[in-house]
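A.B. asks: Got a structure for you, written out below as structure tokens; questions coming shortly.
Coordinate-derived values only; no laboratory data. Not measured: the values here are computed from a predicted model. So basically every Cβ, Gly included, is an ideal-geometry build from the backbone, and we count neighbours across all protein chains shown.
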Amino acid sequence: MPTYALPDKLEPRMSTRRGGERPAAADEPRPAERKAAAAERREPPPATPPSRLPPPKRARLEGEAEGNAAAAAAAAATAVGRPPCLSLPQPLLPIIPIAGGGADWRDGPCETAAFRGPMAIALCADGALLVADADNRRVRKIHRVEGAAAEVKAEVKAEVKAEVKAEVKAEEKAEVKAEEKKEVKVEEKAEEKAEEKKEEEKKAEERAEEKEEEKKEEEKKAEEKGEEGVAAAASGGEEEKEGEEESKGVKGEGEAKAAKGEGEAEAAEEAPASAPPQRKSDYSRVSTLAGSGAAGCHDGPAHTATFFDPAGLAVSPTGVVFVSDAGSHTIRQISPSGEVTTLAGNGKPGNADGKGSAAQFSFPYGIALAPDGQLYVADSANHKVRVVSPNGEVKTLAGNGSPGYRDGSSHNAMFSHPTGIAVDADGTIFVTDRGNHRIRKVTSKGTVSTLAGSGQNFVQDGKGVAASFSWPNSITLDANSRGPLYVSDTFTFRIRKIARDGTTKTIAIGEAPVTGAPKREDDDNRTNTLLSLALDAPNNYIYVAEQSNNCIRRVSIDVPGVYQRGS
């Protein structure tokens, strides 16, 4: 159970609890400028943008255009102290508070639980949420309502039952129609037989009349023959009546059956299929999964282990939780039984590759677990993408270690404070290159390209380099499909959707406010610092960890009439 010493001096980071401000980057609004601009607009002064990242000193970006209109607008907007945004149509997507709302550490019901600076969020296989509660130096868990899984199963059963009922009714309706056709044919045959009998009866009467005329001379015989003729006529009449009754009987029975069939068909059409019940809130309470609250890098049981600014989370199919502990420059893991161990890193900042404690990181932030068990790390202050094998072997996948912007092969490529990272089922890695205001794409062999972003600190939708971002932070995707990516644009309070061809669209949450909802009860469809995102693809939700609001919220990304996930 190793315990690593922490460095005497950490790189500057933002913390409302520990005091101090990080220096602003060259093109990032400074607090004084923001306050002055806010005073001119007669708005309350905005809080300094919260971020724990080492401040990117923005160097000149390779390929950056001179005289660009977007760049000019960005510079002008920065001068007045707020991130520049084009006027874009912004549908306000439904936002549901899940837990938190005050800067504190408190477990318990979601309504009263408290976080302090939540930095990352991840979704477990059972639907529970994990939160890297950075300023509390703990990993928290938001539990689903007991029986929520049963409720979901009940919903599925109700849907299946409704579908089966609809299919049965459709089959019954088809059978009724077939029966109706049969009955119509029976009626037609009955009418044909009745007509044939009428013709036979008519011929019989004509023959009887001929016989009467021939035998008039002999009255006695004529009377006898007449009686026979009358009897024959009477017999013919009875046959005619019987034929009519038989015809009527067949026809009446057919009509009755047809009427019955029509009634069943109408009943089948009118009977509504039972609609599935409305989904209820899935979460009930918050607990502490691991961390004593003290700052450090001590391994051991969950309640005694220590963290120093947990900043990234990933969960394996077996329930192992991986944590990027930015302040201690390590990658930790929490077993299903709650035992905390260090997978890689030795507590000291550095950029060495190697196995276990021989490897070094410098403020690792986002992490993503690939299907093959490899863990990808956005090693922010090293400006690299690293990969950690299940046995703790660390290698550099892309980035030469210097801040800048350059696409290309593994060690020739350059990043500037990569922060968020995601990997799909094909092994393709996507990175939010925060200091470059771009979204980068990395192959499994380390070749780097730019998926979207002009490099300007600007907010504009478009395709590829026509789109612009402002300090993109977190990125999430559905690892089981080649669907879109979702990115948090931190200081403009927006969620951006990026198609695989680089087409970028803003889907939430409205124009950048000076401050969003200060409390979770003030649900104004706004948010401060969309720091971390987690996609629940089957249910069309994005879960958001809001650092400055100290809360967890949920955004629906498939709302008929407002926004469709596939659009």
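A.B. asks: I want to check the label-to-label distance for ALA466 and ASP126. Put each point 7 Å from Cα in the C-beta direction and report it in nm to one decimal.
C.D. replies: Between ALA466 and ASP126, the simple spin-label model gives 4.8 nm.
A.B. asks: Cut-off is 10 Å between beta-carbons; in what order do VAL465, VAL431, VAL423 appear when sorted fewest neighbours first?
C.D. replies: Sorted ascending by nearby Cβ count, the order is VAL465, VAL423, VAL431.
A.B. asks: Each residue of the stretch 482-498 in order: what ³J(HN,Hα) in whole Hz does its phi give by Karplus 6.51 cos²θ - 1.76 cosθ + 1.60, θ = phi - 60°, with x for Gly and Pro?
C.D. replies: Using θ = phi - 60°, the values come out as 9, x, x, 9, 10, 10, 8, 9, 3, 8, 10, 6, 10, 9, 10, 9, 10 Hz.
A.B. asks: Ordered by residue, what ³J(HN,Hα) values in Hz, to whole numbers, does the stretch 446-461 give under the Karplus form 6.51 cos²θ - 1.76 cosθ + 1.60, where θ = phi - 60° and Gly and Pro are x?
C.D. replies: Each residue's phi maps through the Karplus curve to give x, 6, 10, 9, 9, 7, 7, x, 8, x, 8, 6, 8, 10, 8, 7 Hz.
A.B. asks: For ASP407 and HIS303, FRET efficiency with R0 = 60 Å and r from the beta-carbon atoms, rounded to 0.05?
C.D. replies: 0.85
A.B. asks: Quick check on packing: order 466-479, 290-303 by the mean number of other C-beta atoms within 10 Å, highest mean leading.
C.D. replies: In decreasing order of mean packing, 466-479, 290-303 become 466-479, 290-303.
A.B. asks: Would you pull out the residues with amide H under 5 Å of GLY350's amide H, same chain only if 5 or more places away, H placed 1.01 Å from N?
C.D. replies: PHE361, SER362
A.B. asks: Working out 0.36 nm times the residue gap between ALA358 and ASN540, then minus their Cα-Cα distance, what length gain in nm do you get to one decimal?
C.D. replies: Here the answer is 61.4 nm.
A.B. asks: Whole-Hz Karplus ³J(HN,Hα) for the stretch 392-405, in order, using 6.51 cos²θ - 1.76 cosθ + 1.60 and θ = phi - 60°, x for Gly and Pro?
C.D. replies: x, 6, 10, 9, 8, 8, 7, x, 9, x, 10, x, x, 9
A.B. asks: Given H placed 1.01 Å from N in the peptide plane, which residues other than close sequence neighbours of ARG138 have an amide H under 5 Å from its amide H?
C.D. replies: ASP133
A.B. asks: What is the extension gain from ALA174 to LYS193, computed as 0.36 nm multiplied by their sequence separation minus the C-alpha to C-alpha distance, in nm to one decimal?
C.D. replies: Here the answer is 3.9 nm.
A.B. asks: Using a Förster distance of 25 Å, how high is the FRET efficiency between ALA295 and ASN391, based on the Cβ-Cβ distance and rounded to 0.05?
C.D. replies: In this case the efficiency is close to 0.35.
A.B. asks: Which FRET efficiency value, to the nearest 0.05, do you get for SER316 and LYS445 by plugging their Cβ-Cβ distance into 1/(1 + (r/R0)^6) with R0 = 22 Å?
C.D. replies: Efficiency, rounded to the nearest 0.05: 0.40.
A.B. asks: At SER287 and ASN480, where each label point lies 7 Å from the Cα along Cα→Cβ, what is the point-to-point distance in nanometres?
C.D. replies: Simple spin-label model gives 2.6 nm for this pair.
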